[in-house]
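First the structure, in the form of structure tokens, and then the observations on it.
The values are calculated or read from the model by the stated rules, or taken from the named source; none is laboratory data. Just so it is clear, the structure is predicted and the values come from calculations on it, not from any experiment. Note that we place each Cβ from the backbone using ideal geometry, even for glycine, and neighbour counts take in every protein chain shown.
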Amino acid sequence: MEAEHHSSTQVVEPFLNKNTHLNDKIFKYPPPFGFMDLKNKLQEILNLLPASSEVRHGGRDCRRCVVIGNGGILKGLGLGHLLNQFNVIIRLNSGPVQDFSADVGNRTSIRMSYPESCPKVWEDRDSDLKYVTVIYKSVDFHWLRAMITKTSVSLWDWLFFWQNVPVSVPIKASQFRLLNPEIIRETALDLLHYPNARERLWGWDQNVPTIGVSALNLATYICDEVSLAGFGYNLSQKEAPLHYYDDRPMTSMLKEAMHDVHTETVFLKHLVTSGSITDLTGGIHCSFCSS
């Protein structure tokens, strides 16, 4: 990744904690690219988090990491046993494991989401599980504080979530991690070469990377080898399932206004064909498929 994107500004710490040195760059942009005008809210959260936010698993010299997307391409492949063998297993949003373990495995090292996509029912039971929270808007800080301290989200805050969020998360404060927004900024501006952040009155233009590509970038900082599974949108297969766990059709992605799926696909395909990462399910680039 460094060779492919040598012009990128490296992120010093992928997670923030109370000992993190906060440089001016982190306050240059509003969420999700930074914490502009949110220094006090940020500091309040950092004071609740563990002093160290390092994520290491197993003490191995070489950490093999897999980022598991929620793509329907996973359904029926029976890769669960293979996925369980990785040192670091990153799952996205609310992708379930129960009843789907044959295809997606049942181990989780990191669950990464923003409030609206946080699992309503938690099925991750790993003792070393870390929950990585992504801040997309200022009210997300209020939700995160409530989850860490086991208190209630205010009625006023509920108005600013675009869908229901969990009222509690059954994990300890020591398991929470706050994603450094520079991971998302770097993904958007340096890797995908999107124009600078353009926030609209409601939401963003198509310059916010999906959480999947952001998780891939995060993985390059904490792992030595990175693989993908369950990635790829084949919009030509209109009735194919978008997710491995429901019947939502692929065409529903055409209504997505925030993310530029085409640009992300081109980027991921380049990484796969250059050998930087491995695509285990062939949704991005299938080197093991017949022509």
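Taking TRP156 and the conditions (1) part of a helix (DSSP H, G or I); (2) buried (at least 18 other Cβ atoms within 10 Å of the Cβ); (3) aromatic (Phe, Trp, Tyr), which numbered condition does it fall short on, given that it satisfies the others?
Only one criterion in (1) part of a helix (DSSP H, G or I); (2) buried (at least 18 other Cβ atoms within 10 Å of the Cβ); (3) aromatic (Phe, Trp, Tyr) is unmet by TRP156, namely (2).
Residue pairs, Cβ under 8 Å, 6 or more apart or interchain, first in the stretch 162-183 and over 25 Å from ILE222 (Cα atoms) and surrounded by 12 or more Cβ atoms within 10 Å (Cβ to Cβ), second at pLDDT below 95 and among the small types (Gly, Ala, Ser). List them.
Matching pairs, first to second residue: VAL167/SER152.
Can you name the residue in the stretch 139-153 that is touching a residue at least 24 places away in the same chain (Cβ under 8 Å) and of a type in the set (D, E, K, R) and is also surrounded by the most Cβ atoms within 10 Å (Cβ to Cβ) among such residues?
Selected residue: ASP140.
Inspect all residues belonging to the stretch 113-125 and state whether any of them is farther than 30 Å from LEU159 by Cβ, assigned to a loop (DSSP other than H, G, I, E, B) and modelled with pLDDT of 95 or more. I'd like the intermediate steps shown before the answer.
Just the residues of the stretch 113-125 that are farther than 30 Å from LEU159 by Cβ, to begin with: 125.
Add one more test, that the residue is assigned to a loop (DSSP other than H, G, I, E, B), and what stays is 125.
Those left that are additionally modelled with pLDDT of 95 or more: none.
Within the stretch 113-125, not a single residue is farther than 30 Å from LEU159 by Cβ, assigned to a loop (DSSP other than H, G, I, E, B) and modelled with pLDDT of 95 or more.
Could you tell me which residue of the stretch 197-247 is modelled with the highest pLDDT, considering only residues that are closer than 21 Å to TYR136 by Cβ and part of a strand (DSSP E or B)?
HIS243
Please specify each residue of the stretch 126-153 satisfying the condition of being part of a loop (DSSP other than H, G, I, E, B) and closer than 21 Å to ILE222 by Cβ. So that I can check it myself, show each step before the final result.
Of the stretch 126-153, the ones part of a loop (DSSP other than H, G, I, E, B) are 126-129, 134-138, 150-153.
Passing the criteria: ASP126, SER127, ASP128, LEU129, VAL134, ILE135.
Within the stretch 76-106, count every residue that is out of contact with any Gly (no Cβ under 7 Å at 6 or more places or on another chain) and on the phi > 0 side of the Ramachandran plot.
Total meeting the criteria: 4.
In the stretch 100-114, how many residues are touching a residue at least 24 places away in the same chain (Cβ under 8 Å) and over 23 Å from PRO32 (Cβ atoms)? Show your work before the answer.
Residues of the stretch 100-114 that are touching a residue at least 24 places away in the same chain (Cβ under 8 Å), as a first pass: 100, 102-107, 109-110, 112-114.
The next check asks that each one be over 23 Å from PRO32 (Cβ atoms); those that pass are 100, 102-107.
Residues that pass the stated criteria total 7.
Taking the criterion of being in a loop (DSSP other than H, G, I, E, B) and at pLDDT below 90, would at least one residue in the stretch 259-268 satisfy it?
Of all residues in the stretch 259-268, those in a loop (DSSP other than H, G, I, E, B) come to 259-260.
Now restrict to residues that are at pLDDT below 90: 259-260.
Yes, that holds for at least one residue.
Quick one: which residue in ASP61, ASP128, ASP124, ASP99 is charged (D, E, K, R) and crowded, with 16+ Cβ neighbours inside 10 Å? Break it down into steps so the answer makes sense when it comes.
Values: ASP61 fails: crowded, with 16+ Cβ neighbours inside 10 Å; ASP128 fails: crowded, with 16+ Cβ neighbours inside 10 Å; ASP99 fails: crowded, with 16+ Cβ neighbours inside 10 Å.
Of ASP61, ASP128, ASP124, ASP99, the one residue that is charged (D, E, K, R) and crowded, with 16+ Cβ neighbours inside 10 Å is ASP124.
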